[in-house]
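S.K.: Could you have a look at this structure, given as structure tokens, before my questions?
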Amino acid sequence: MTAPPEVSDPPVAADDAAVIKESVREPERFAVLYDRYVEEIYRYLAARLGPEAADDLAAETFLTAFRKRHTFDPARGGVRPWLYGIATNLVAQHRRGLSRMLAAFRRAPSLETFVAGPEERVPTRVDAAGARGPLAAALAALPSGDRDVLLLVAVAGLSYEEVAASLGIPYGTVGSRLHRARKKVRAALGEVNPVIGDSNG
């Protein structure tokens, strides 16, 4: 009996930076990055602006990245935080005030976010009937830089290094903005830490 022909394993996915470099010569290669990151970029944008705006801005994020792919510098960070940086800039350009973002939070039944200190690395579920309104108001009151850092950590799940690369700010600035934002959010929620139910942390 003849043995079946050997099936070779699929090639290991090229790293993101290599895909970017290849896409300058072969534009169709950029589709790899789209397939790899479009869902998480969409989720981040939907949390900030709602699903309708997220559809358009997710596409715009990748269109902008495609147009600027020749300017990507791997020495400044990875492709993923670069994409989040583009998405965050598009949010700032798109938003007239905070109405869309706040409407998205109000429609959501709950919000997974980090409002605890760095020692409490667990997502906090903020109840829609309880803290959602004050949370939305607290987010609206934050300076835009602090809000961007908080939401990149809470919604996108980026590390401090990735947030720094996304926003073009120093690593230490990420920590100070996040600390300040968390403190203000906790104050808006009556100094109650939703993770542990008291004002510690």
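The values are calculated or read from the model by the stated rules, or taken from the named source; none is laboratory data. The shown structure was predicted, so the numbers you read here are calculated from the model rather than taken from an experiment. Because the Cβ atoms are built from the backbone with ideal geometry, glycine has one as well, and the counts that use them run over all protein chains shown.
S.K.: Would you tally the residues in segment 55-73 being of a type outside the set (Asp, Glu) and outside any helix (DSSP H, G or I)?
M.R.: 2
S.K.: Then there is this: Going by the structure shown, is residue 167 out of contact with any Lys or Arg (no Cβ under 8 Å at 6 or more places or on another chain), modelled with pLDDT of 80 or more, outside the structural domain of residue 53 (by TED's automatic domain parsing) and closer than 17 Å to residue 42 by Cα?
M.R.: The answer is no for residue 167.
S.K.: If you don't mind, there's one more thing I want to ask. Just one of (1) crowded, with 16+ Cβ neighbours inside 10 Å; (2) within 13 Å of residue 20 (Cβ to Cβ); (3) touching a residue at least 40 places away in the same chain (Cβ under 8 Å) trips up residue 74, so point out which.
M.R.: (1)
S.K.: Would you call residue 52 assigned to a helix (DSSP H, G or I), acidic (Asp, Glu) and either closer than 27 Å to residue 170 by Cβ or touching a residue at least 12 places away in the same chain (Cβ under 8 Å) (or both)?
M.R.: In short, no.
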